[in-house]
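Written out below as structure tokens is the structure these notes cover.
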Amino acid sequence: MAQLPILSLMTFIPLLGMFVILALPKGKPNMVRWASVIFTGIPLLLGIWLYFNFDRTTAAVQFVERVSWIKAFNIEYYMGIDGLSVPMVLLTVLLSFLCVFASWGIEKGVKGYYAMFLFLEAGMMGVFCALDFFLFFIFWEVMLLPMYFLIGIWGGKDKVYAAIKFFLYTLAGSVLMLLAMLAMYYYSEPHTFDLLALAQNHTQFLNKTVTLFGAQYALDKILWIGLFIGFAIKVPIWPFHTWLPWAHVEAPTAVSVILAGVLLKMGTYGLLRMNYPIFPEATLWASTAMMILGVINIIYGAFCAMAQKDLKKLVAYSSVSHMGYVIMGMASFTTAGVNGAVMQMFNHGTSTAMLFLLVGVAYDRVHHRWIIKPDGSKGFGGIASVVPVYTGMMAIALFASLGLPGLSGFISEALVFLGTFSNPKYQSYVVVGSLGILLGAAYLLWMFMRVFLGPLNEEHKDMTDMNWREKLTLLPLCVLVIVLGVYPMPVLNLMGPTLAKLLSALGVA
Amino acid sequence: MLVSLKAFAPELTLVGFLSLLFLLDGFVPKLRENRFPLIWVIVSCFAAGVATAVGKGLSGDFFSGLVTETGLVAFFRYFFFFACGVTAYVTLGSKEIEERGRSEFSLLILCMTFGMSLMVLANHFLMLYIGIETVSIISFVLAGFNRESSRSNEASFKYLVYGAVSSGLMIYGISLVYGYTGALSYPAIAEALIKNNGTHPFVFYLALVMIYAGFAYKISSFPFHFWTPDVYEGSPTPVATFFSVGPKAAGFGALLHFVLTALSQKQEGGVFTPIAGIQLAPVMALISAATMVVGNLSAIAQTNVKRMLAFSSIAHVGYVLMGFVVMTPAAFSSIIFYLIAYCAMNLGAFWIVGIVTDEKKGSELSDFKGMGWRTPVMGVCMAIFLFSLTGIPLFSGFIGKFLIFGNLIQSQSYLWLALLGVLNSVVSLYYYTKILRAMWLEKPESSDSAELRLPLSQLVGLLGLALPTVILGLFFSPVLEMAQRWITQ
């Protein structure tokens, strides 16, 4: 195969970009911006190349790079991608590139902002490519550092609180993951951090016990729970979601996009990469609980979204609701359900990114995001007549998000429900969960009505429509949403064999 | 005798340089006005380090069994000389130690380094006690170094009182052990204990607890940690810098030595097992848990950064003590690795506190406002040190915790301690980021938002500590292998 270490290039070119940007002279913000375009553009181009050269017929990991890193602990620099990681990698490079443009308006500490942003991209790429748990964990944690500063320095009014809340929650999850990682290393024979080897020999974790606080527990279940909490905080699964509205709302637009578009998926990606293949029995044992949590996420997120007066908070809670579908699909233990879940990870990435970008566009112009102001007066209202292009984009984004047939969200949600319904154990959950679609339509359409339709709020009569930069930022996402809504096979084909292998290991035909 | 002197060469070198400085200081008063004494300290530390390297390979007991040479001793010597040298280097740029006080300061830290060496070399309770007292008495003077400051005087006095109590307890404990075993030298104690086949009188355990008091005071472990925040806050920052690393490591070195030679038997394959009837693990686990919980929870409420870092240093003692719960060679090398990592990151953090204190005449959190924007290099270095102290990957502090928690999990016991440990590091993130928040997330007061240029020597020094912190976080195996060799030699 390719001799070029393409995954390393995609991971470390942004990191290189960080150092280049820090070395650029002061007081030249445009130079920094264009440098960022280059350093996120190269990974994007590599990503496109990857898309066309990825072998869709095999479940094996591809583009593997494997070098021994720390011999004493059998730690390897082991990068590789399979059908599960490819959609996420593509999403990462695409959104990172677009977000550079979405951040064009940032004036304060431009150098620092873009340096942190590129650092973040390197971390995200690493998480999706790493096949060694130690390496994975390093990337996973390293991402927190730029995130803390991006929210804390360039965020909104309550940025300090939002930043530390995000950091503490995620770190609490990852330290549990650290312990689980160490236990997986020391309980495996031979000791290894290699995720594929751990999945291969997953039976070695069965029928062992650990003693904690004087009681005996099954090893695989304890480890499963440790990992699950770590990932659940990231997803976020109720009741670990309370950091999300703060972080999403206070973060600058581009960072919200990355948070919702990529970071949330890391949680579900982690579950599918580790919990499912390495602890299949424990996953089956916990699947009903996951299903219940998924349904709670869907319904609870939707109700919260419905109550929001702040546009960005509404979108944030809609993410909670939509990630619920992912959990539901994964917990269904059916081919359609799991395929739908991964598809939903990708589709939610594009549609929610659009929503956040659009909210940012409005905020840049009118400096508020109120659907209804806290004092009860009208926030936006009837702005469709002054900003028609903006309205059109918003319509596409929200219809994709609520699952209108013909747009991407529909396919994945339909697959999730189809899969879940086909598992006789969970039919009643589908009934409750599908209420989420109804609620989703309700809060999104209600928002649309109050913001865009009706009589124009005179305060906003001078609002300008989107400029070329904003349009170009949204266009690729818009195209993806429509194309994948009509013809989802490009993504489904990518992940098909990998998911089939995963499911057969789980005992699902 | 001659061989004994050879084994003692690094300490002799140190004493030689010390005496020379003493004489020069008396006869050439001009020298005290400039940087000479501090540079002298750096040179003598370097010379002592060279002497250690030359004398490598000597091992065994010397001076009729009063001191012993092992790989471990060699490691701690390097460690002390390094810490002392860095402290002198830090002091060069500090305004807190007045120019005319520099030669006293230099004499004192050199002498203290000598005492720390003695503590670790000791193979005999008398030697240990002399070492501990040498270190303690000089610490009292150093803590009170700013004679005009009442805080500094208070710090010195507090240190003295706690020191008196704990060394009193220790010497009483030693006398009880002597009464029970009839020996004061570690190997002889071990022999006597083995003969008793696992049944020891209650008074022996009591004596052990009392002896631990002496160590606990030096490493500031629960319940003898109360002096730490007051002393760190009250003493000049360069002194606190040295206190937080030097004597602490000396305490760990001496404790390690004591536990390994007096209370354990070396089995085949280098595994140390406690002598029958001595169960250290449960007690150590409790002390470790209490130390880190007390340290971390108390740090949350602090508004003075020096005080906060003092509590954080207590918490780190708790993490290191986890290594004593497991007692495998791997655990001991983890302790060594942790100390190395801690040395670099903690020296760095305290150094930056010192720089800010010089600039703002205070070390409250509010003095750190906007400092990151005023000197980005310093701000980035502080972020590295603090994230490393938290235990976030990419930095050496993470590897330290990775190793220590790994040992606990490998031993398949005390999982609750590992769980408590990781949760503690989440707590620690909260207060460490308070400093970063002030430095980066808050704006400097408009009156002094001008860029603050650090002298080149400080930049080089800070980067010299930050780089190892990052490199050890990514490639730690060479150092870990070295630590394993030190342990087994």
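FYI, it's all coordinate maths here, none of it is from the lab. In this text, all values refer to a predicted model and were calculated from it rather than measured experimentally. Cβ coordinates were reconstructed from backbone atoms using ideal geometry, including for glycine residues, and neighbour counts include every protein chain displayed.
With the cut-off at under 16 Å, measuring from each backbone N in the stretch A:94-132 to a point 7 Å along the Cα-to-Cβ line of A:Ala23 picks out A:115.
Relative to its Kirkwood radius, the Cα radius of gyration of the stretch A:430-487 gives an Rg/Rh of 1.11.
Could you pull out which residues in the stretch B:69-88 have an amide N less than 16 Å from a spot 7 Å beyond the Cα of B:Ala9, following the Cα-Cβ vector? The answer is B:69-71, B:74-75, B:77-78, whose backbone nitrogens lie closer than 16 Å to the label point.
Compute the angle between helix B:71-92 and the longest alpha-carbon principal axis of chain B, please, reported from 0 to 90 degrees and rounded to the nearest 10. Once rounded, one gets 20 degrees. With q set to 0.07, 0.12 Å⁻¹, the log10 of I(q)/I(0) for chain A, from the Debye formula over equal scatterers at the Cα positions, is -0.35, -1.07. Note on the stretch B:329-375: Rg/Rh from C-alpha atoms, Kirkwood Rh, equals 1.24.
In this structure, the amide hydrogen of A:Gln62, modeled 1.01 Å from its nitrogen in the peptide plane, lies closer than 5 angstrom to those of A:Ile81, A:Asp82, counting only residues at least 5 positions away or on a different chain.
Compute the acute angle (0 to 90°) between the alpha-carbon long axis of helix B:415-436 and the principal axis of greatest extent of the alpha-carbon atoms of chain B; round to the nearest 10°. Approximately 20 degrees, to the nearest 10. Note on the protein assembly as shown: Kirkwood hydrodynamic radius from all Cα pairs is 30.3 Å, rounded to one decimal. Farthest toward the positive end of the dipole of the stretch B:1-258, out of B:Val73, B:Val54, B:Gly144, is the Cα of B:Val54, where the dipole comes from beta carbon charges about the Cα centre.
The smallest convex shape that holds all Cα atoms of the stretch A:246-360, its convex hull, gives 88 Å³ per residue. Mean partner shielding of peptide B:389-399, defined as the number of other chain Cβ atoms within 10 Å of each residue Cβ, is 4.
Take each residue in A:320-330, count the other chain C-beta atoms within 10 Å of its C-beta, and the mean is 0. Centre-to-centre separation between the Cα atoms of the stretch B:136-172 and those of the stretch B:318-347: 27 Å. For chain A, the relative contact order is 15 percent, taking Cα pairs closer than 8 Å that sit 6 or more residues apart in sequence and dividing their mean separation by the residue count. Based on Cα contacts under 8 Å between residues 6+ apart, the stretch A:142-257 shows a relative contact order of 37 percent.
The lysines within cross-link reach of B:Lys30, meaning a Cα-to-Cα straight distance under 27 Å and a gap of 8 or more places when in the same chain, are B:Lys95. Averaged over residues, the count of other Cβ atoms within 10 Å places the peptides B:8-15, B:379-386, B:235-242 in the sequence B:235-242, B:379-386, B:8-15, highest first. In this rough spin-label picture, where each label sits 7 Å from Cα along the Cβ direction, the B:Lys195-B:Leu456 distance is 6.6 nm.
Averaged over the residues of peptide A:174-182, the number of Cβ atoms from other protein chains lying within 10 Å of each residue's Cβ is 6. Comparing chain B with the 2.2 N^0.38 Å rule of thumb, its C-alpha radius of gyration ratio is 0.94 (two decimals). Scaled to the globular estimate 2.2 N^0.38 Å, the Cα spread of the stretch B:1-258, given as radius of gyration, is 1.04. In chain A, the calculated helix contribution to ellipticity at 222 nm averages -23000 deg cm²/dmol per residue, counting -39,500 (n - 2.57) for every DSSP H run with n ≥ 4. Each peptide among A:335-343, B:209-217, B:320-328 gets the average number of other Cβ atoms lying within 10 Å of its residues, and from highest to lowest they stand as A:335-343, B:320-328, B:209-217. Extending 7 Å from the Cα toward the beta-carbon at both B:Gln267 and B:Phe202 defines two label points whose distance is 3.1 nm. Angle of helix B:125-143 to the longest C-alpha principal axis of chain B, folded into 0 to 90 degrees and rounded to 10: 10°. Each peptide in B:172-180, A:424-432, B:426-434 gets a packing score, the mean of other Cβ atoms within 10 Å over its residues, and the list from highest to lowest is B:426-434, B:172-180, A:424-432. Using the Cβ-Cβ distance between B:Val161 and B:Glu98 with R0 = 25 Å, the FRET efficiency computed as 1/(1 + (r/R0)^6) comes to roughly 0.40. Only helices enter the 222 nm calculation for chain B: every DSSP H run of n ≥ 4 contributes -39,500 (n - 2.57), and dividing by all residues gives -25000 deg cm²/dmol, rounded to 500. Diagonalising the gyration tensor over the Cα atoms of the stretch B:280-489 and scaling each eigenvalue by 5 before taking the square root yields semi-axes of 32, 19, 12 Å, largest first. For the stretch A:169-242, the set of trypsin sites (Lys or Arg not before Pro) satisfying both a DSSP loop assignment and a count of at most 15 other C-beta atoms within 10 Å is given as A:Lys208. Across the stretch A:302-509 the C-alpha pair distances fall into 5 Å bins from zero in the proportions 1, 7, 15, 18, 17, 14, 10, 7, 5, 3, 1, 0, 0 percent. Site pair A:Asp462 and B:Arg147 shows an inter-label distance of 7.0 nm when each label is modelled 7 Å from Cα along Cα→Cβ.
Across the stretch B:1-258, C-alpha contacts under 8 Å between residues 6 or more apart give a mean separation that, scaled by the residue count, equals a relative contact order of 21 percent. Give the calculated FRET efficiency between B:Leu20 and B:Val50 to the nearest 0.05, with a Förster radius of 22 Å applied to their Cβ-Cβ distance. Here the calculated transfer efficiency is 0.85.
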